[in-house]
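Asks: Submitted below is the structure of interest, expressed as structure tokens.
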């Protein structure tokens with residue numbers, strides 16, 4: 001299979017190349033169980049051959065409705081090696097939404113876990129494109145879907161010889177869909193090519209200073225591209241990925257960090273907030289970790305000193321991105337103290353710039369709309385040409401397209417970026433524009449015991465919009481709304497001070513672990529109505 005071993009043009013080739021270099025090295029550790037690169041290569045090629053036998057053609061979609069498991073990882077690489085387009089669906093997804101994904105993508109094959117049987121059987125009965133379901137685990141006697149072939153994951157691998165003939169695909173073919181809910185409407189599929197994802201993975205590897213001796217922990221769902229890229233980067237490097245299903249049981253994760261000698265910890269603000277709260281009660285320290293990364297939402301500057309106590313030898317990376325281009329920018333860890341509010345500059349090999357609503361460049365320090373240029377930018381949204389045109393604008397050269405994020409940023413004289421707000425998040429109150437992020441940063445920095453803070457705007461007949469702050473306060477601290485407003489008044493302009501402060505035991509979360517701002521917005525509108 002020499003033709004399959006040309007590295008780094010196609011997304012699946014990184015894993016094959018690493019398997020060729022060190023087949024017996026541990027590639028994956030799933031909930032404590034190790035698997036070698038040779039095992040991953042062999043199992044993936046067997047499943048790829050099974051896909052071809054089931055009629056999968058170049059560009060056909062494969063849905064992966066699974067937890068962070070060994071079968072999930074194998075399914076990703078089998079799809080790539082068979083020339084298909086994979087997408088991962090969060091296992092918390094209900095039957096009706098699963099059906100939407102299957103219908104929208106026109107997926108031919110569904111990979112899943114039998115503990116999700118009640119959901120995928122219901123969705124499977126109503127699909128019009130699905131032909132095969134491959135399920136991992138003990139199936140029930142009633143596990144049937146009319147006109148859909150159902151088989152066992154491990155049986156089909158045992159009964160199939162590995163794929164021996166390279167499938168004809170090229171770097172500009174699609175590799176994956178990343179489904180995102182966006183701000184309105186049904187979920188939409190972001191189309192990414194092999195070359196875009198290969199480029200993005202290597203750009204991330206470069207600025208994160210990763211190497212083949214790293215041991216990367218993932219507690220974020222592979223359905224979230226932040227989790228998925230931990231897998232893709234690890235396999236390209238020939239490093240080791242420590243896989244857990246979630247951060248639901250932190251004590252188990254802390255034990256895994258120690259026993260598996262983890263060196264890289266990717267997290268999101270909610271995970272780090274939980275760790276800081278634990279650290280405040282009982283000291284946490286993980287000296288073996290050399291890098292921690294954050295995305296999904298802004299990491300409050302006030303959290304960084306505590307994280308540096310928990311990870312005393314780690315570089316801390318603040319980053320900003322969106323699924324339409326994977327990652328936009330990052331702050332060099334050495335600049336954290338100098339520019340704690342910044343998310344840095346464009347990732348290697350790409351360019352960012354700010355334009356006003358009329359398309360004209362803005363001066364340093366002025367607010368503008370962030371645009372992104374580079375090989376990592378999406379092709380567009382699947383079957384949504386108008387929305388694609390809304391996000392992809394004419395670039396520097398004829399025919400080129402750049403990504404318009406529709407997010408507001410400032411850029412300093414050094415070219416470092418500062419997030420101001422999403423276009424639909426900016427609060428307009430008393431004739432002024434208020435960035436929720438700016439108010440949230442003040443709450444984190446100045447109010448004792450704030451674990452998480454979210455600021456939203458709600459319609460108000462007098463103010464235009466009223467500012468509502470949701471806070472989660474650390475255990476043992478009694479919140480005082482009046483005192484918090486006094487603190488805000490001392491640190492913010494009058495028009496930026498929240499009209500109401502609401503206290504929660506926990507912030508609502510999306511399946512990807514992000515704070516569910518839409519739900520909080522709806523709740524605030526209901527209270528104000």
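The values are calculated or read from the model by the stated rules, or taken from the named source; none is laboratory data. Computed from a prediction, not measured in an experiment: that's the story for all the values here. All Cβ positions, glycine included, derive from the backbone under ideal geometry; neighbour counts span all protein chains shown.
Asks: Counting just the residues of the stretch 37-58 that are touching a strand residue (DSSP E or B) at 6+ places or on another chain (Cβ under 6 Å) and farther than 17 Å from residue 135 by Cα, which one comes out surrounded by the fewest Cβ atoms within 10 Å (Cβ to Cβ)?
Replies: Selected residue: 40.
Asks: Quick one: is residue 65 within 17 Å of residue 218 (Cβ to Cβ) and in contact with a helix residue (DSSP H, G or I) (Cβ under 7 Å, 6 or more places away or on another chain)?
Replies: For residue 65, the condition - within 17 Å of residue 218 (Cβ to Cβ) and in contact with a helix residue (DSSP H, G or I) (Cβ under 7 Å, 6 or more places away or on another chain) - is not met.
Asks: Then there is this: If we scan the stretch 121-131, do we find a residue that is under 19 Å from residue 235 (Cβ atoms), surrounded by 21 or more Cβ atoms within 10 Å (Cβ to Cβ), at pLDDT 95 or above and touching a strand residue (DSSP E or B) at 6+ places or on another chain (Cβ under 7 Å)?
Replies: For the stretch 121-131, residues under 19 Å from residue 235 (Cβ atoms), surrounded by 21 or more Cβ atoms within 10 Å (Cβ to Cβ), at pLDDT 95 or above and touching a strand residue (DSSP E or B) at 6+ places or on another chain (Cβ under 7 Å): absent.
Asks: Give me the residue from the stretch 79-96 that is assigned to a helix (DSSP H, G or I) and surrounded by fewer than 18 Cβ atoms within 10 Å (Cβ to Cβ) and, out of that set, modelled with the lowest pLDDT.
Replies: Of everything passing the filter in the stretch 79-96, 96 is modelled with the lowest pLDDT.
Asks: State whether the residues of the stretch 483-498 include one that is assigned to a strand (DSSP E or B) and either more than 26 Å from residue 343 (Cα to Cα) or under 23 Å from the mean Cα position of the chain (by Cα) (or both).
Replies: Within the stretch 483-498, none of the residues are assigned to a strand (DSSP E or B) and either more than 26 Å from residue 343 (Cα to Cα) or under 23 Å from the mean Cα position of the chain (by Cα) (or both).
Asks: For the subset of the stretch 499-529 comprising residues that are over 30 Å from residue 221 (Cβ atoms) and not in a helix (DSSP H, G or I), which member is modelled with the lowest pLDDT?
Replies: 529
Asks: Given the condition surrounded by fewer than 20 Cβ atoms within 10 Å (Cβ to Cβ) and part of a strand (DSSP E or B), answer yes or no: does some residue in the stretch 18-28 qualify?
Replies: yes
Asks: Additional query: (1) surrounded by 20 or more Cβ atoms within 10 Å (Cβ to Cβ); (2) modelled with pLDDT of 85 or more: which one isn't true of residue 434, the others all being true?
Replies: (2)
Asks: Checking the structure you have, find out if any residue of the stretch 245-262 is under 30 Å from residue 453 (Cβ atoms) and in contact with a strand residue (DSSP E or B) (Cβ under 6 Å, 6 or more places away or on another chain).
Replies: yes
One line per residue, one yes/no per condition, for (1) assigned to a loop (DSSP other than H, G, I, E, B); (2) closer than 24 Å to residue 445 by Cβ:
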| site | (1), (2) |
| --- | --- |
| 286 | yes, no |
| 305 | no, yes |
| 322 | yes, no |
| 340 | yes, yes |
| 368 | no, no |
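Asks: Which residues, counting only those in the stretch 351-376, are touching a helix residue (DSSP H, G or I) at 6+ places or on another chain (Cβ under 7 Å) and either crowded, with 18+ Cβ neighbours inside 10 Å or under 30 Å from residue 300 (Cβ atoms) (or both)?
Replies: Within the stretch 351-376, just 376 meets the criteria.
Asks: Residue 52 passes all but one of (1) in a helix (DSSP H, G or I); (2) closer than 20 Å to residue 228 by Cβ; which number fails?
Replies: Status for residue 52: all satisfied but (2).
Asks: Follow-up. Does residue 172 satisfy being in contact with a strand residue (DSSP E or B) (Cβ under 6 Å, 6 or more places away or on another chain) and either without any contact (Cβ under 8 Å) to a residue 24 or more places away in the chain or not in a strand (DSSP E or B) (or both)?
Replies: yes
Asks: Testing residue 151 on (1) within 15 Å of residue 51 (Cβ to Cβ); (2) out of contact with any helix residue (DSSP H, G or I) (no Cβ under 6 Å at 6 or more places or on another chain); (3) in a helix (DSSP H, G or I), one condition comes back false. Which one is that?
Replies: Evaluating residue 151 over (1) within 15 Å of residue 51 (Cβ to Cβ); (2) out of contact with any helix residue (DSSP H, G or I) (no Cβ under 6 Å at 6 or more places or on another chain); (3) in a helix (DSSP H, G or I) leaves (3) as the failure.
Conditions tested, residue by residue: (1) in contact with a strand residue (DSSP E or B) (Cβ under 9 Å, 6 or more places away or on another chain); (2) closer than 27 Å to residue 196 by Cβ.
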| position | (1), (2) |
| --- | --- |
| 364 | yes, no |
| 367 | yes, no |
| 377 | yes, yes |
| 380 | yes, yes |
| 397 | no, yes |
| 400 | yes, yes |
| 429 | yes, no |
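Asks: Going by the structure shown, is residue 193 in the same structural domain as residue 106 (by TED's automatic domain parsing) and buried (at least 18 other Cβ atoms within 10 Å of the Cβ)?
Replies: In short, no.
Asks: Then there is this: Please verify whether residue 357 is in a loop (DSSP other than H, G, I, E, B), closer than 30 Å to residue 190 by Cα, over 21 Å from the mean Cα position of the chain (by Cα) and in contact (Cβ under 8 Å) with a residue 12 or more places away in the chain, treating the condition exactly as stated.
Replies: When the stated conditions are applied, residue 357 passes them.
Asks: While we're here: Report yes if some residue within the stretch 103-113 is more than 21 Å from the chain's Cα centre (by Cα), in contact (Cβ under 8 Å) with a residue 24 or more places away in the chain, in a helix (DSSP H, G or I) and closer than 24 Å to residue 138 by Cβ; otherwise report no.
Replies: Taking every residue of the stretch 103-113 in turn, none turns out to be more than 21 Å from the chain's Cα centre (by Cα), in contact (Cβ under 8 Å) with a residue 24 or more places away in the chain, in a helix (DSSP H, G or I) and closer than 24 Å to residue 138 by Cβ.
Asks: Quick one: which of 466, 413 is in a loop (DSSP other than H, G, I, E, B), more than 25 Å from residue 322 (Cβ to Cβ) and in contact (Cβ under 8 Å) with a residue 24 or more places away in the chain?
Replies: On inspection, the qualifying residue turns out to be 413.
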